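Worksheet: the structure to be examined is printed underneath.
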Amino acid sequence: MKFKQIDINCFKSFPDQISFPIDKGLTGIVGPNGCGKSNIVEALKWVMGETSAKSLRGAGMEDVIFNGTSDRPSKNFCEVTLKLDSDGKKSISENLGNIEVRRRLEKDKGSKYFLNGKEVRAKDIHILFADLSTGPHSPSMVSQGRVGNLITAKPTDRRAILEEAA
């Protein structure tokens with residue numbers, strides 16, 4: 001499985017739909033403070049089934065919905081879509097080729113998961129990503145706080161972290 005693209009709509013600091021391609025190799029997000037780097041990583045974790053609002057820097061799950069600014073009104077929903085290429089391997093979706101995982105949250109209605117456009121249970125999404133040996137708590141996603149730890153770690157500790165991610 002290869003991650004191909006993440007589409008974000010009304011999630012946290014992104015009031016409009018935006019797409020981020022995920023190319024081959026290592027993908028890093030670089031930018032100035034406050035530009036939404038952490039929000040992109042959190043959107044990825046969220047669509048993969050993250051259930052803890054605390055780990056998404058919120059008090060409740062509805063805190064991930066764009067809250068508005070002085071220039072823009074708040075939104076009533078948010079949606080994140082993750083596009084994957086299965087490399088011809090069968091998955092829980094029973095389809096070959098491209099796989100699309102989408103999570104949508106509406107205020108006062110809760111969140112729904114979709115796999116290739118069909119509504120599925122959260123458990124199905126968790127199983128899909130567990131089968132891929134990844135998920136919202138994957139060691140291959142290095143958050144902002146862990147970058148400093150990687151840089152200052154002893155070579156043996158750094159090697160252990162990188163081997164776990166590989």
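Below is a table of values for the structure above.
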| item | result |
| --- | --- |
| Filtered residues of the range 150-166 (kept if at pLDDT 70 or above, among the small types (G, A, S) and in a helix (DSSP H, G or I)) | A160 |
| Positions within the range 36-61 being over 23 Å from E100 (Cβ atoms) and either modelled with pLDDT of 90 or more or open to solvent by less than 30 Å² (accessible area, probe 1.4 Å) (or both), in sequence order | A53, G58, A59, G60 |
| Residue pairs meeting the criteria (Cβ under 9 Å; at least 6 apart or on separate chains; first closer than 24 Å to R57 by Cα, in the range 142-155; second loosely packed, with under 10 Cβ neighbours inside 10 Å and modelled with pLDDT of 70 or more) | V142/G28 |
| In the range 2-30, the residues that are in a loop (DSSP other than H, G, I, E, B), free of Cβ contacts under 8 Å to residues at least 60 places away in the same chain and at negative phi | S13, D16, Q17, I22, D23, K24, L26, T27, G28, I29, V30 |
| G97 at pLDDT below 90 and of a type outside the set (S, T, Y) | yes |
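The values are calculated or read from the model by the stated rules, or taken from the named source; none is laboratory data. A quick note: this is a predicted structure, and the numbers were derived from the prediction, not measured. Don't worry about glycine lacking a Cβ; one is built from the backbone with ideal geometry, like all the others, and counts go over all protein chains shown. Ligands, DNA and RNA are stripped out before the accessible areas are found, and what is left, the full protein with its side chains, is counted by its heavy atoms. Shrake-Rupley method; radii C 1.70, N 1.55, O 1.52, S 1.80 Å.
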